[in-house]
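Data first, discussion second: the structure below is written as structure tokens.
The values are calculated or read from the model by the stated rules, or taken from the named source; none is laboratory data. Keep in mind that what you see is a predicted model, and the values were worked out from it rather than measured. We place every Cβ from the backbone using ideal geometry, glycine too, and count neighbours over all the protein chains shown. Quick note on the areas: whole protein, heavy atoms, side chains included, nothing else; ligands and nucleic acids left out. Shrake-Rupley method; radii C 1.70, N 1.55, O 1.52, S 1.80 Å.
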Amino acid sequence: MTRTISYLILAVLCAFAIFPLVWMIATSLKPYADVYSFPPHYIPEHWSLGFYRQVTQETPFFSYMANSAIVAGSATVFSVLFGAMAGWSLARARFRGREIALYAVLLAYLLPQILIVIPFFGLLAKVGLANSYTGLILAYTTLNFPFSTWLLTDYFRSIPREIEEQGQIDGAHNISIFFRLVLPLATPGLAVAAIFAFISSWNEFLYALIILGNGEKQVLTVGLYNFVGGENAQWGPMMAATTLTMIPTLLLFLAVQRRLVGGLTAGAVKS
Amino acid sequence: MTALRSLAGFLDRHLAILFLIPGGLCLALVTAYPFVFNLWASLTDLNLMYPGAMFVGLENYTKTIFDPELWHSAKNSLVWTISSVLGQLLLGLIGALALEQTRKGREPFRLILVVPWAFPAIVLAYSWRFLLDAVYGVTNHLLMLVGLIDAPVPWLTTPDYAMPIMVLINIWFGFPFMLVSILAALTMIPAQLYESARMDGAGYWQELRHITLPLIMPVLRSLVILRTIFVFNNFDFIFLTTGGGPVDATTTLPVYAFQVGWQRYDLGRMASVSVVMMLILGLLLATYVYALRKVRAPQ
């Protein structure tokens, strides 16, 4: 009995969860006339790649996408590297590093982005880095650094200390122990932290809007906002553009979603 | 040469401290500096249009506190935050409990249910605006098919509907996180507890009330607090979907702060708004912590 009801509930919830994605993809593949009709065409009579052609040929979509890849990729590398360094420090420290990292994550959440972004833009303008990728990469690195640190602190804890001690007996420097012994062992943790950092940087909007302003240098999220966000909504091209934007993050996200929560819940239970 | 080598040795021995520096510098520049700057700016007439800034005491704060728009936005923020978080929690809990009952097909269900979580704000905004569009929106057609409405409704541009709809969108986005977190907590409950309850003749609802809910309560509490912070501070969902409109119906505090600072260039006022905003969030969280103080894991 409860099992039948459970399947019913899940069916309704799944429909609610997936419908916007399904409708977005279906719309992006319809010909022009089918999108602008009411009642809508639920089952399209024919498919068309016209909107994709329009978005990729008539707008700087690919150049925005490349900009996003540069910024999100760089921020991913830095936030994971800095997070691994800090995480190793905290995991090996005598003080209770894990709790400190946890509080850093909470504190980073607690401050509204809207409060941080404009003074930070002012700082960038003072040193001549307004409208630069450097500024945006620095921002995204910092936004992801606390979570990477937190995740990796846990990860390094699980690596037996004897491995490092053996390295020390062999006379290796700490720095080579870190890069040659510890980091390779932490590869799965690094991968999760990297994917998380990449997705959140790829999806971010507010910092990019303020720091990069308008123009060709923009990243994908703000680019979408500018080129299809006018008063007369161009739903067809818009749905093609949003579908293309989502594909990389959706795939990465589905690959790691299980891992993102495990740590968080364990933390919540312990604290 | 030996000096250099001993310096390298010294640095290597203190590597644990050195390794904290890059991340620490990032936090100092991108988090601590803006925070302190903001406190200072809130006491000045700093403006994007004019150079220089003069100390004006608490003038920004008095202007902010006596601005009816602030209180209107604060009310919107509370409605937005509390109803979104409750809705996300309820839907996440129901979904997790249902998923826990299934034998087959759990993994496909899970994958479908986490999809909204992967939506970037801009894609969330555009796809929902299209779904709810007054002229071409599929929502209106579906509701007309089942007879709930007679004619298409412009959901996002009707002041009375805009906020409830934004909350619904936010519940859609946020319930997967709750669901997956609660599911993880459910799997940590020892199976023996249920076995012995069943031997005593307990049914599903009794198990839920006396075993499941009490044991996951600490997780629920943490989730509610985390999510409240996230939803309260959220800016881009509303900014990109309704822009705070129609006529301020969905202007929450972050959107209001953005309007004051970035559209009216008044950085001093904006800084005071963000300080007031943090105080309101602090009060809300303190109320939660007080209300939930008795919620602890049973020994």
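So the values come out like this:
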| quantity | calculated |
| --- | --- |
| Answer residue from the range B:7-41, given it is aromatic (Phe, Trp, Tyr) and within 8 Å of another protein chain (Cβ to nearest Cβ) and is surrounded by the most Cβ atoms within 10 Å (Cβ to Cβ) among those | B:Phe19 |
| Among (1) under 19 Å from the mean Cα position of the chain (by Cα); (2) surrounded by 23 or more Cβ atoms within 10 Å (Cβ to Cβ), the one test that A:Pro119 misses | (1) |
| Test for A:Leu220: is it within 11 Å of chain B (Cβ to nearest Cβ), closer than 30 Å to B:Tyr136 by Cβ, modelled with pLDDT of 90 or more and under 20 Å from the mean Cα position of the chain (by Cα) | yes |
| Elements of type helices (runs of 4 or more DSSP H) contained in the range B:174-241, each with 2 or more residues being at pLDDT 90 or above | B:213-233, B:236-241 |
| Test: residue in the range B:260-279 that is open to solvent by less than 10 Å² (accessible area, probe 1.4 Å), assigned to a helix (DSSP H, G or I) and farther than 19 Å from B:Phe37 by Cβ | no |
| Hits in the range B:63-82 (condition: open to solvent by less than 30 Å² (accessible area, probe 1.4 Å) and closer than 17 Å to B:Phe235 by Cα) | B:Leu70, B:Ser73, B:Ala74, B:Asn76, B:Ser77, B:Trp80, B:Thr81 |
| Residue within the range B:137-158 that is within 11 Å of another protein chain (Cβ to nearest Cβ), within 30 Å of B:Pro218 (Cβ to Cβ) and of a type outside the set (A, V, I, L, M) present | no |
| Filter result (assigned to a helix (DSSP H, G or I), open to solvent by 10 Å² or more (accessible area, probe 1.4 Å) and aromatic (Phe, Trp, Tyr)) within the range B:83-138 | B:Phe109, B:Trp117, B:Trp128 |
| For A:Asn144: the one exception among (1) closer than 24 Å to A:Val80 by Cα; (2) polar (S, T, N, Q); (3) open to solvent by 60 Å² or more (accessible area, probe 1.4 Å) | (3) |
| Hits in the range B:242-282 - residues which are under 17 Å from the mean Cα position of the chain (by Cα), among the polar types (S, T, N, Q) and away from chain A (no Cβ under 11 Å) | B:Thr250, B:Thr251 |
| Residues (over 19 Å from A:Thr27 (Cβ atoms), in contact (Cβ under 8 Å) with a residue 12 or more places away in the chain and in a helix (DSSP H, G or I)) located in the range A:49-68 | A:Ser63, A:Tyr64, A:Met65, A:Asn67, A:Ser68 |
| Residue count for the range A:1-43, restricted to those that are part of a loop (DSSP other than H, G, I, E, B), more than 9 Å from chain B (Cβ to nearest Cβ) and open to solvent by less than 20 Å² (accessible area, probe 1.4 Å) | 1 |
| Odd one out for A:Ser74 among (1) closer than 30 Å to B:Asp133 by Cα; (2) more than 10 Å from chain B (Cβ to nearest Cβ); (3) surrounded by fewer than 19 Cβ atoms within 10 Å (Cβ to Cβ); (4) hydroxyl-bearing (Ser, Thr, Tyr) | (1) |
| The range B:140-165: number of residues that are outside any helix (DSSP H, G or I) and of a type in the set (Ser, Thr, Tyr) | 1 |
| Test for A:Phe51: is it farther than 12 Å from A:Ala240 by Cα, at pLDDT below 95 and away from chain B (no Cβ under 11 Å) | no |
| Subset of the range A:149-173 that is outside any helix (DSSP H, G or I) and open to solvent by 30 Å² or more (accessible area, probe 1.4 Å) - its residue that is farthest from B:Gly24 (Cα to Cα) | A:Asp170 |
| Considering residues of the range A:123-141 that are facing another protein chain (nearest Cβ under 10 Å) and open to solvent by less than 30 Å² (accessible area, probe 1.4 Å) only, the residue farthest from A:Thr76 (Cα to Cα) | A:Leu124 |
| The range B:123-139, residues that are touching a residue at least 24 places away in the same chain (Cβ under 8 Å) and either among the small types (Gly, Ala, Ser) or on the phi > 0 side of the Ramachandran plot (or both) | B:Ala125 |
| Checking B:Leu285 against (1) in contact (Cβ under 8 Å) with a residue 60 or more places away in the chain; (2) within 10 Å of chain A (Cβ to nearest Cβ); (3) touching a Phe, Trp or Tyr at 6+ places or on another chain (Cβ under 8 Å), the condition it does not meet | (3) |
